[in-house]
Amino acid sequence: MYAFYSLLVYIFYTVFKKEEEAALQGEGPDGATAQREARHVSMETWCRRKSGHTPNSAQRGLDKVTDSGGFSDDSEGLGDEEEDDDCGSDGNLGAAASTPLAAFLTFREEAEKRRGSHVLLETGAKTADSPLVAVMSHLLSFLEQYGHLQQLQQQAEEYRLQLQRHCAQHRRHLQALRASYRQRLRDKSSIISSLQETIGQQHSQGESTRPPAAAQLHRLLEALRELQGERNQLRGEVQVLHTQLEQKEQERHTRAQAFQQQIEELKMCVAEREEELARLRAETGVTDSEKRLLCLSAENESLKQGLSVTQGLLQQLSLLPSQSSAGLLKENETLRSQVQQLESSLQQRGEQLLRLERHSERSERRRDEELRHHDDRLRELQLELHKERRKEPLVKSVEVESPATLRQLVEAREQKELLADKLAGQSEKCRHLEEQLRRSDEVSANLQRKIIAYEAEIEKLRGELLKEIRHLEEQKEEAVKAAANCSKQHLQNLQEQFTALQRRLAALPPTLRSMKTDYASLRSQVRNFSDFYSTAVTEAKKQLMAVIGEMSEANKDLLQKYRKEVALRRKYHEQLVELKGNIRVLCRVKPVLKEDQHNEGQTVVVSTDPNNESAVTVLNKGKSRTFELDKVFQPQATQEEVFQEIEPLVTSCIDGYHVCIFAYGQTGSGKTYTMEGTAENPGINQRALKHLFSEIEDRKDMWTYSVTVSSVEIYNEVLRDLLSKDGEKLDIKINPDGTGQLHVPGLRLVEVKGFQHIKKILAKASRNRVTFGTQMNHHSSRSHALLTITVLGTDLTTGTKTSGKLNLVDLAGSERVWKSGAEGERLKEAQNINRSLLALGDVIQALRGRQTHVPFRNSRLTYLLQDSLGKGNKTAMVVQISTLERNIEETMCSLKFAQRVCRVELGPAARKIESASVCEQL
Ligand SMILES: Nc1ncnc2c1ncn2[C@@H]1O[C@H](COP(=O)(O)OP(=O)(O)OP(=O)(O)O)[C@@H](O)[C@H]1O
């Protein structure tokens, strides 16, 4: 054992020496750089460890032995020898190195002779030549493979970057391909929709004639030919893509095969090296842990090769710029299977690596124990050597050799540790490679998923396109068949109908033929009627417009005619009034009311003749007397009938005349009823004002009017204003303007705006009037009431002004004092009333006698009515009479008074008119 270790140390030293010399002499033109580097590394490491920069346990153990053992005396000598070895100078060791094997054999033979053993000598002679050299060469080759592994890693990184770039290009190409497919699909769908529309139109038309159908079919066939041409073009493009993919697939396959062959060769080479290394290590006593490490390195190598193969495949995959669906799918499937295999192998390798790492740790521990054991053994050997050195001088050479052997052993152990470190680094790199491989697998998986999605979409689009093309072809065939059938059937039907009509026409009698011609002519006339109608309507419109124009021109003439007509009407009206008389006497007979039936003397003594409207007959004391008046109203005469007789006088007021209308009669005979009326049945006052405003409205285009109203009562010869609140007393005076007209200072004049306003004014005046209940009338009016309406008119065209006045007088009732039962104040009222009525009679008598003096001033009543009762005015008196016997005396008096008035001649009425020039002068 001792001899074996000595021999091992010696041979190791000799090999290093020889190789260094060969390197220095430039031996071997193919001396690899890796070998030189490896040797350099080995020597450098050895020198560094020797100089104490990285002391290990073995060195420390040796130092301990040196310090504690019996070498203290020879320590300097040993140090000198080591320095000689480093520098390569001459010395004892240099002398021994000149013939080392012979010296060692001599020493071994002597030692064996001394020990009496020859076995170890023979074994050492057999193994002293080649195994260690082979081990070193394998180690160097391992280092070379490590460098190659680094290069492969760099290539893998480059491949990965290229793969990313190619993936991006492939993605863009797929997007462009997808967009082009979609665009084509849209084009096809638009073509299909247009064709479907045309086919639908053709179907809807149904009975279209044959030539248009043939043209449609021709267009359809052309469109289908275009579609087929495009489809063939697409198929050609797809075939070209397929061929390109096949070529790429073949190239990839060949490259993969080449890579596989290289991998196989490398594997075989590594396996051979591993076998040789294992064998050599077994021969040289290499431990199991080293074998495991070598196996691990081989496995790492195979993993790297698998990684390179995968990367190559991925590169090939990325180099395919225009992969079609089939090639991509196949390639993806192979890649997926390979990736799965690699993943499984990686898992297995990882598990093996873990196991090996654990085993290497255990081996390391075991190796340390063995080293400790070797150290102990070495120490024992040193002790034995020390003992033998004391005994024999030859032992000195052994003492010289033993430290060198120990150093070689330590160096071998350091080499083992170095290898273990490298192995750990390789395992780290393997893990890093595994990580990269996993990332690349993820990238490839994502890429595969995207490719699968793209492929599915492309397949779907392709399927839809094919389906639509098939559908279009089917529709085309159906359309062709349907069009052919329809056109044929329709033609046949038309021909049959035509022949049947021809037969029927031939069979028709001549009369029907003539009717047919008449029908045709009528039809043509009806067709022409619309044109005739439109032209007639346009001509009528033109004529209408011309007439309208003429009418507008003739408007002025019409206006002038209208004015002439109005003037004539007024003239005729005046003549009529004059013919009737400017003072008219009307008699209204009061009907017998219910309240009058219970009293005495209720016999009707007054009768009227329906055939003579101006006569009234009174039966008085068995004698009948007929009074002739202007108009006698029947008891059943209405308020409207009475007003119709008054209406011309009211109109005269508008024309500028002064008119006086008063009611005369005994109390309770119906004077107030005739003048004021009731709310439901108004009298002359309200109707006259209503008529006035109606006339004013009719004349508003030519005249403008203002209407003012005043109302007074004469009670006990006192004039009171009925429209003022206080009812102050008024006086009648001559107007200071010099016109000689009467004037009532302080009298309130109310301008009337409308008919509703009139009703309020009249109601107020009626409320303010003094009434009192008498035996003849429960609401007897004890005053004379005057409603004076002044109408001032202006001709808009000439400026002529008119001033009309309408006096509506409700006289107080005349009654006999004894009959009315008046006493005191009532008696005084009756006396005043009768006095005023008598004054009125005197005035009328004077007018009748054409006296120069008319006693108007005998009473307030006649004085106030002076401008309306005199000459040139118009007067109407309504005599109210009762039909009852008990009122016969009053009736006779009233009728006699009426008859006297009837004989009065007021002469022609004078219109109160001022021309515009006179107005301007005033
Ligand atoms: N034509 C008629 N139709 C129906 N009722 C009438 C008619 N004439 C008068 N009357 C009624 O007779 C009654 C007395 O009439 P009215 O007050 O008008 O008499 P008068 O002459 O004014 O009396 P006085 O002078 O006392 O005021 C009233 O209730 C009135 O409604």
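No lab work stands behind these numbers, since they all come straight from the coordinates. All values reported here derive from a predicted model rather than from experimental measurement. Neighbour counts run over all protein chains shown; Cβ positions are idealised from the backbone, glycine included.
Taking R0 as 22 Å, what's the FRET efficiency between Arg219 and Asn493 from their Cβ-Cβ distance, rounded to 0.05?
Working: r = 26 Å, r/R0 = 1.18.
The computed FRET efficiency comes out at 0.30.
Given the Cα-Cα distance of Ser189 and Glu539 and 0.36 nm per residue of separation, how much length would full extension add, in nm? It would help to have the intermediate numbers written out before the result.
Working: separation 350, 0.36 × 350 = 126.00 nm, distance 5.78 nm.
Difference between extended and current length: 120.2 nm.
Return a whole-number percent for the relative contact order of segment 581-921, with Cα pairs under 8 Å and 6 or more residues apart as the contact set.
It rounds to 29 percent for segment 581-921.
How would you rank 740-753, 854-867, 653-666, 147-160, highest first, on the average number of other Cβ atoms within 10 Å across their residues?
On the way: 740-753: 13.5, 854-867: 19.9, 653-666: 25.0, 147-160: 15.3.
Highest mean packing first, the order is 653-666, 854-867, 147-160, 740-753.
Once you have a ≥ b ≥ c as the square roots of the Cα gyration tensor eigenvalues for segment 581-921, tell me rounded if a/c is under 1.5, and otherwise prolate or oblate according to whether a/b is larger than b/c. Numbers along the way, then the final one.
Numbers: a/c = 1.64, a/b = 1.50, b/c = 1.10.
Prolate shape, in that a/c is at least 1.5 and a/b is the bigger ratio.
Scan around Gly665 for amide H atoms under 5 Å from its own, H built in the peptide plane at 1.01 Å from N, and keep only partners 5 or more places away or cross-chain.
Ser814, Gln880
For Ser624 and Lys729, compute 0.36 nm times the residue count separating them, minus their Cα-Cα distance, and round to one decimal in nm. Provide the component values of the computation, followed by the final result.
Details: separation 105, 0.36 × 105 = 37.80 nm, distance 4.59 nm.
The span from Ser624 to Lys729 would gain 33.2 nm if fully extended.
Beta carbons within 10 angstrom, averaged per residue: use that to sort the peptides 471-479, 443-451, 712-720, highest first. Mind dumping the intermediate values first?
Details: 471-479: 15.1, 443-451: 16.7, 712-720: 20.1.
Taking the mean over residues of other Cβ atoms within 10 Å, the ranking is 712-720, 443-451, 471-479.
Sort Ser521, Ser427 so the one with the fewest other Cβ atoms within 10 Å of its own Cβ comes first.
Ser521, Ser427
Given R₀ = 60 Å, what would the calculated FRET efficiency be for Asn485 paired with Gln352, taking r from the Cβ atoms and rounding to 0.05? Display every interim value, and only then the final one.
On the way: r = 80 Å, r/R0 = 1.33.
Result of the calculation: an efficiency of 0.15.
Roughly speaking, what is the stretch gain from Leu838 to Phe755, that is 0.36 nm per residue apart minus the C-alpha to C-alpha distance, in nm to one decimal?
Numbers: separation 83, 0.36 × 83 = 29.88 nm, distance 3.57 nm.
This chain segment gains 26.3 nm when fully extended.
Given R₀ = 45 Å, what would the calculated FRET efficiency be for Gln233 paired with Ala445, taking r from the Cβ atoms and rounding to 0.05? Walk me through the numbers on the way to the answer.
Details: r = 35 Å, r/R0 = 0.78.
Plugging the Cβ-Cβ distance into 1/(1 + (r/R0)^6) gives 0.80.
When the Karplus curve 6.51 cos²θ - 1.76 cosθ + 1.60 is applied with θ = phi - 60°, which whole-Hz ³J(HN,Hα) does each residue of segment 168-176 get, with x for Gly and Pro?
4, 4, 5, 4, 4, 5, 5, 5, 4
Extending each Cα 7 Å along its Cβ direction at Leu792 and Glu647, get the distance between those two points in nm, one decimal.
2.9
If you plug each phi of segment 790-798 into the Karplus form 6.51 cos²θ - 1.76 cosθ + 1.60 with θ = phi - 60°, what whole-Hz ³J(HN,Hα) values come out, in order, with x for Gly and Pro?
So the J values, rounded to whole Hz, are 9, 10, 9, x, 9, 6, 5, 8, 9.
For Leu796, enumerate residues with amide H under 5 Å from its amide H, sequence gap 5+ or separate chain, H modeled in the peptide plane.
So Leu796 has HN proximity to Trp703, Thr704.
Based on the Kirkwood radius over alpha-carbon pairs, what is the Stokes-Einstein translational diffusion coefficient of segment 143-185 at 4 °C with 1.567 mPa s viscosity, in µm²/s? Each step should come with its number before you reach the end.
Details: Rh = 12.7 Å.
Reported coefficient: 102 µm²/s.
Which whole-Hz ³J(HN,Hα) couplings does segment 852-864 yield from phi under the Karplus relation 6.51 cos²θ - 1.76 cosθ + 1.60, θ = phi - 60°, glycine and proline marked x?
My calculation for segment 852-864 gives 5, 10, 10, x, 5, 7, 5, 8, 4, 5, 5, 5, 6 Hz in order.
Among Cys893, Cys902, Cys587, Cys269, rank each residue by its count of other Cβ atoms within 10 Å, from fewest to most, as a rough exposure measure. Mind dumping the intermediate values first?
Values: Cys893 17, Cys902 23, Cys587 29, Cys269 13.
Least to most surrounded, the residues fall as Cys269, Cys893, Cys902, Cys587.
Which pairs in the list Lys631/Lys760; Lys700/Lys764; Lys729/Lys828; Lys760/Lys874; Lys753/Lys805 are over 20 Å apart, alpha-carbon to alpha-carbon?
On the way: Lys631/Lys760 32 Å; Lys700/Lys764 29 Å; Lys729/Lys828 18 Å; Lys760/Lys874 28 Å; Lys753/Lys805 17 Å.
Beyond 20 Å: Lys631/Lys760; Lys700/Lys764; Lys760/Lys874.
Under the rule of at least 5 residues apart or a separate chain, name every residue whose amide H is placed under 5 Å from the amide H of His743.
Amide H neighbours of His743: Lys733, Ile734, Asn735.
Would you order Ser524, Ser894, Ser137 from fewest to most other beta-carbon atoms within 10 Å of each residue's own beta-carbon?
Numbers: Ser524 10, Ser894 22, Ser137 18.
By the 10 Å Cβ count, ascending: Ser524, Ser137, Ser894.
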